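Here's the structure, in structure tokens; my notes come after.
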């Protein structure tokens, strides 16, 4: 390959990578999205998953609360970075009817170990890769982790975030949902 063709190829790849990075960074900088795939929403509401001790936990037990559902994995660096903020907000807004639930899509022993080491104050449920189809239908087309879904007190989608969710942005959303109810 001659020098001009090589330079053209490098520039093309760099431009494509830059465009893709800009596109996804802009998309993830939005405060959040909502989606109305009622079938997928009903499947989320009716989920029953085992907790880290193996006991089945229906998501329906938190009906009437603002429900923050976070899909994550121990091998996911953004997931690990956002969990401490989620833990703080969980403690702060629990009395306001906000319930956080983490769904670990990972090896059970790794999820249990991470949960214990971080002293996560909210329930952690064990998910599997099949859940990604549901999240895809609710606004996670790339099946990315982390993925956060917030349901309002009526059980409707109030917020969707594909990718890492900053603590400040999440807190603003929670305050808005608390004041609206």
remark   = The extension gain from residue 116 to residue 48, computed as 0.36 nm times the residue separation minus the Cα-Cα distance, is 22.3 nm
query = What is the Cα centroid distance between region 146-176 and region 77-124, reported in whole angstrom?
reply = 14
ask   = How would you rank 168-176, 115-123, highest first, on the average number of other Cβ atoms within 10 Å across their residues?
value = 168-176, 115-123
query = When only Cα pairs under 8 Å and 6 or more residues apart are kept, what is the percent relative contact order across region 26-181?
reply = 32
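Since every read-out is calculated from the coordinates, none of them should be taken as a lab result. Everything quoted here is computed from the prediction, not taken from an experiment. FYI the Cβ positions are ideal-geometry reconstructions off the backbone, even for glycines, and counts take in every protein chain you see.
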